[in-house]
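**Student:** First, the structure itself, so that you have it in front of you.
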C-alpha cells in the first residue's frame, strides 16, 4: 500500500467538508487516506448518513478498501485500488440511513455531487449519476445554486456536466432526485484553464425563485413580496418566479441570483418550522447585500466550493471573495495535505480577501 496520508478531522471547520474533500482527492489520485477525529466537535460526532453516502459512493467508483465505514465511526481508512471508473451509478442517501436502522435522511445530494465530480470528470469515459436525497436543505447549496452558479464557474475551467432536477427533497424527508451527466476528460486532460477573477464587474440583473412544496401558496407569495420590497429599497428590480415544487414532503426556499458582468453569485434562505416566510426572504437578501457592498468577485460559498476543482487545474488561479470563511480555509488545508499545491489566502477569516491556488 502507498504511504497513507493521515488527516485530523477536527481541523478548522471540523465537519463533513474535510471528509468529502479528502476522499474526492484520494479517489482521484489513488492516495490512501486515514481520517481521525471525524466531526469530533459536532453535537453528533462521527459519520452521519450523508457522510457515509459519500464514503460509499466514492469507494464504489475507485474500488476502495474501507475500514471504519459505518454510521457514527470517528476513524476511517480509505484505500483506492483502481483509478476512477466511468459508468452509470445510483446513490440513495436515505437507503443508506434506513439500512443502518436510522430511518430516512435528507442528506445533501448537491454536496455528494461536488465530491464525485472531480474523479468522474477525469475518468476515461462519460458517467451518469442518479442521486437521491436532499436537493434543498440547510447548510448546503440548493440544486439551483449548483446549476446556475457552481457549474458555470466549473465549466470555465474545462470540466463538463449537465444536471437535471426531478423531485425536490427537503429536510427531513429528502426523497429528491438529481441526475448528472458528466463528461469524462481522461486522467490527463489537455484543455483545463486556470481562473483569474479579481473583479466581478457591474451588477446587470437579479432574479430568483420563491418555492415551496406541500405548503399554502401565500408562503411562496410572502417570500417573493418581501424579497422584492427589500431589493426595491436599494433601487434593484428583481424577477422572482413563484414555484409549487413536486416533493414527498414540505419545505420552502427563497433563492436569489445576482448576475454581474463576469460571474453569477447566489444567495439562499431556507424555511423551517415556525420561521416566518419574510425571514426566509431576509436571509437571502441579507447575504446578497453583504456581497454587494464588498465589491469582491466570488460569493463566500462559491469561494470554498471552487477550491477543489481549481486544485485539478495546472497553473495559478486567483480570485477575490466577499468573505474568507472557515470552510474555505479548511478545504485549502486539505488540498495542501493531499496534493503538491499551495492555497494562499490573503486576508482574515470573516473579511474580504484574495485566494491563490498554485
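The values are calculated or read from the model by the stated rules, or taken from the named source; none is laboratory data. Given the structure is predicted, the values throughout are model-derived calculations rather than measurements. Heads up, the Cβs are rebuilt from the backbone with ideal geometry, glycines too, and the neighbour counts pull from every protein chain shown.
**Student:** Against the definition (touching a residue at least 12 places away in the same chain (Cβ under 8 Å), surrounded by fewer than 20 Cβ atoms within 10 Å (Cβ to Cβ) and in the same structural domain as residue 149 (by TED's automatic domain parsing)), how does residue 340 come out, yes or no? If you could, list the steps in order and put the result at the bottom.
**Tutor:** On the way: touching a residue at least 12 places away in the same chain (Cβ under 8 Å): no; surrounded by fewer than 20 Cβ atoms within 10 Å (Cβ to Cβ): yes; in the same structural domain as residue 149 (by TED's automatic domain parsing): yes.
No: the conditions fail for residue 340.
**Student:** Next question. Any idea how many residues of region 67-80 are crowded, with 18+ Cβ neighbours inside 10 Å and in contact with a helix residue (DSSP H, G or I) (Cβ under 7 Å, 6 or more places away or on another chain)?
**Tutor:** Qualifying residue count for the region: 3.
**Student:** Another question about this same structure. Quick one: which strands (runs of 3 or more DSSP E) lie wholly within region 1-104 and hold at least 3 residues that are under 23 Å from residue 174 (Cβ atoms), at pLDDT 95 or above and in contact with a strand residue (DSSP E or B) (Cβ under 7 Å, 6 or more places away or on another chain)?
**Tutor:** Working: elements: 5-8, 33-36, 65-67, 76-79, 88-92.
Of the strands (runs of 3 or more DSSP E) lying wholly inside region 1-104, those with at least 3 residues that are under 23 Å from residue 174 (Cβ atoms), at pLDDT 95 or above and in contact with a strand residue (DSSP E or B) (Cβ under 7 Å, 6 or more places away or on another chain) span 88-92.
**Student:** Kindly establish whether residue 160 is surrounded by fewer than 20 Cβ atoms within 10 Å (Cβ to Cβ), within 30 Å of residue 261 (Cβ to Cβ), in contact with a helix residue (DSSP H, G or I) (Cβ under 8 Å, 6 or more places away or on another chain) and in the same structural domain as residue 64 (by TED's automatic domain parsing).
**Tutor:** On the way: surrounded by fewer than 20 Cβ atoms within 10 Å (Cβ to Cβ): yes; within 30 Å of residue 261 (Cβ to Cβ): yes; in contact with a helix residue (DSSP H, G or I) (Cβ under 8 Å, 6 or more places away or on another chain): yes; in the same structural domain as residue 64 (by TED's automatic domain parsing): yes.
Against the criterion (surrounded by fewer than 20 Cβ atoms within 10 Å (Cβ to Cβ), within 30 Å of residue 261 (Cβ to Cβ), in contact with a helix residue (DSSP H, G or I) (Cβ under 8 Å, 6 or more places away or on another chain) and in the same structural domain as residue 64 (by TED's automatic domain parsing)), residue 160 qualifies.
**Student:** Which one of these does residue 84 not meet: (1) buried (at least 24 other Cβ atoms within 10 Å of the Cβ); (2) under 30 Å from residue 188 (Cα atoms); (3) touching a residue at least 60 places away in the same chain (Cβ under 8 Å)?
**Tutor:** (3)
**Student:** Also, I was wondering about something else. Please verify whether region 175-186 includes one or more residues that are more than 23 Å from the chain's Cα centre (by Cα), at pLDDT below 95 and in the same structural domain as residue 107 (by TED's automatic domain parsing).
**Tutor:** No, region 175-186 contains no residue that is more than 23 Å from the chain's Cα centre (by Cα), at pLDDT below 95 and in the same structural domain as residue 107 (by TED's automatic domain parsing).
**Student:** Something else about it: Of these, 297, 245, 227, 238, which one is in contact (Cβ under 8 Å) with a residue 60 or more places away in the chain, farther than 29 Å from residue 21 by Cα and surrounded by 18 or more Cβ atoms within 10 Å (Cβ to Cβ)? Before you say what the answer is, go through the steps one by one.
**Tutor:** Details: 297 fails: farther than 29 Å from residue 21 by Cα; 227 fails: in contact (Cβ under 8 Å) with a residue 60 or more places away in the chain; 238 fails: in contact (Cβ under 8 Å) with a residue 60 or more places away in the chain.
One residue alone meets the criteria, 245.
**Student:** Follow-up. Give the residue, chosen from 41, 63, that is surrounded by fewer than 16 Cβ atoms within 10 Å (Cβ to Cβ), under 22 Å from residue 95 (Cβ atoms) and without any contact (Cβ under 8 Å) to a residue 60 or more places away in the chain.
**Tutor:** Values: 41 fails: under 22 Å from residue 95 (Cβ atoms).
Selected residue: 63, the only one of 41, 63 that is surrounded by fewer than 16 Cβ atoms within 10 Å (Cβ to Cβ), under 22 Å from residue 95 (Cβ atoms) and without any contact (Cβ under 8 Å) to a residue 60 or more places away in the chain.
**Student:** With (1) in contact with a helix residue (DSSP H, G or I) (Cβ under 8 Å, 6 or more places away or on another chain); (2) under 19 Å from residue 90 (Cβ atoms); (3) surrounded by fewer than 24 Cβ atoms within 10 Å (Cβ to Cβ) as the list, and residue 153 as the residue in question, which single condition is left unmet?
**Tutor:** Tallying (1) in contact with a helix residue (DSSP H, G or I) (Cβ under 8 Å, 6 or more places away or on another chain); (2) under 19 Å from residue 90 (Cβ atoms); (3) surrounded by fewer than 24 Cβ atoms within 10 Å (Cβ to Cβ), residue 153 fails exactly one: (2).
**Student:** So, of the residues in region 105-142 that are out of contact with any strand residue (DSSP E or B) (no Cβ under 7 Å at 6 or more places or on another chain) and part of a loop (DSSP other than H, G, I, E, B), which turns out to be modelled with the lowest pLDDT? Write out each step before concluding.
**Tutor:** Initially, region 105-142 is screened for residues out of contact with any strand residue (DSSP E or B) (no Cβ under 7 Å at 6 or more places or on another chain), giving 110-111, 114-115, 118-119, 122-125, 139, 141.
Now narrow it down to the ones that are part of a loop (DSSP other than H, G, I, E, B): 122-125, 139, 141.
On the way: 122: 97, 123: 98, 124: 97, 125: 98, 139: 90, 141: 96.
For region 105-142, the residue satisfying everything is 139.
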